[in-house]
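The values are calculated or read from the model by the stated rules, or taken from the named source; none is laboratory data. These numbers come from a predicted model, not from an experiment. Cβ placement follows ideal geometry from the backbone for every residue including glycine, while neighbour counts extend to all protein chains displayed. Side chains included, ligands, DNA and RNA excluded: accessible areas come from the protein's heavy atoms. Shrake-Rupley method; radii C 1.70, N 1.55, O 1.52, S 1.80 Å.
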Amino acid sequence: MLLKLKQKVVEYGEKIVKEGLVVATWGNLSAREENEDLFVITPSGMNYADLEPEDIVAVDLDGKPVASGRKPSVETPVHAAIYRARPDVKAVIHTHSINASACAASRTEIPCIMEDMSSMVGGPVKVAKYAPTGTRELAENVLEALEDRNAVILANHGVVTVGRCLEEAFKLSLVVEKTAEIFIKSKMLGQVYSLDLSEVCHLKDFYIRCYGQANRE
Ligand SMILES: [Zn+2]
């Protein structure tokens with residue numbers, strides 16, 4: 001089973017590069033094994049195009065490798081903290097996509113301005129306080145800003161999305177990036193209107209119920 005999950009991580013690594021969400025070796029992604037305290041994550045500092053399933057690293061929920069092999073991503077503590085805190089999460093994708101990174105640089109949360117993003121994220125994309133890459137402090141700051149939503153901005157760094165499978169976390173990466181672009185452009189036009197909290201709750205509930213009928217990985 002781990003091999004299948006590792007293959008999926010390689011596949012979605014190619015997708016985030018193809019969609020321009022990351023460049024070179026930046027960003028990282030992981031997927032949790034069903035009913036196990038294990039997840040598999042991209043290795044540190046390797047090009048996505050060169051990745052083979054055997055390069056993907058299996059680690060426990062403390063982020064420690066469970067077998068010999070590549071060194072896991074430097075952001076493994078963030079992934080591990082999310083899996084420990086959120087049993088509903090089975091995949092985590094971290095990118096440096098341009099418009100979400102602009103929000104990260106200005107430390108500005110993305111409000112619930114579009115219905116697709118609101119339904120999938122379940123609220124605004126908040127900004128986690130800055131801490132250096134790879135630190136426990138960053139992992140704690142990410143959890144604090146993420147709460148029960150499915151995306152979070154990392155101040156002066158990038159964005160993290162989470163989902164019930166890699167496909168969902170990947171879609172969230174695209175939707176958050178698109179919404180960040182719309183947010184920046186709509187601010188140029190003037191007033192930006194956010195959806196009411198009650199409408200966001202309704203959209204989230206509808207999305208979760210409908211998504212449950214789709215094919216899951
Ligand atoms: Zn990063």
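Details
- For segment 99-217, the gyration tensor built on C-alpha atoms gives an oblate shape. Its axis ratio a/c (a ≥ b ≥ c) is at least 1.5, and a/b is not larger than b/c.
- For the cross-link pairs LYS8/LYS126; LYS126/LYS185; LYS18/LYS64; LYS18/LYS178; LYS6/LYS171; LYS4/LYS71, the ones whose C-alpha atoms lie over 24 Å apart are LYS8/LYS126; LYS18/LYS64.
- Loop sites by DSSP among the trypsin sites (Lys or Arg not before Pro) of the chain, restricted to those with at most 14 other Cβ atoms within 10 angstrom, leave 1-106 as the longest stretch without any of them.
- Selection from VAL200, ALA85, THR25 lying farthest towards where the dipole of the chain points positive, charges on Cβ: THR25
- Carbon + sulfur, % of accessible area of the chain - ligands and nucleic acids excluded, 1.4 Å: 52 percent
- Across segment 87-167, C-alpha contacts under 8 Å between residues 6 or more apart give a mean separation that, scaled by the residue count, equals a relative contact order of 45 percent.
- Residue-normalised accessible area of the chain, expressed per residue, 1.4 Å probe, Å²: 49 Å²
- GNM top mover of HIS79, HIS94, HIS202 - the chain, alpha-carbon springs below 10 Å: HIS202
- For segment 20-115, the relative contact order comes to 31 percent (Cα pairs under 8 Å, sequence separation of at least 6).
- When shorter helices are ignored and each DSSP H run of at least 4 residues is given -39500 (n - 2.57), the per-residue value for the chain at 222 nm works out to -13500 deg cm²/dmol.
- Take every Cα pair under 8 Å whose residues are at least 6 apart in sequence, average their separation, divide by the length of segment 2-211, and the relative contact order is 21 percent.
- In the chain, the longest principal axis of the Cα atoms and the axis of helix 197-211 are about 40 degrees apart.
- Degrees between helix 166-189 axis and first principal axis of the chain (Cα, 0 to 90, nearest 10): 30 degrees
- Given their separation in residues at 0.36 nm each and the Cα-Cα distance between them, ASP148 and VAL66 gain 26.7 nm when the chain is fully extended.
- For segment 2-211, the equivalent ellipsoid built from the Cα gyration tensor has semi-axes of 28, 18, 16 Å, listed from largest to smallest.
- Under a Gaussian network description of the chain, with springs only between Cα atoms under 10 Å, the residue in THR135, THR179, THR95 that fluctuates furthest is THR135.
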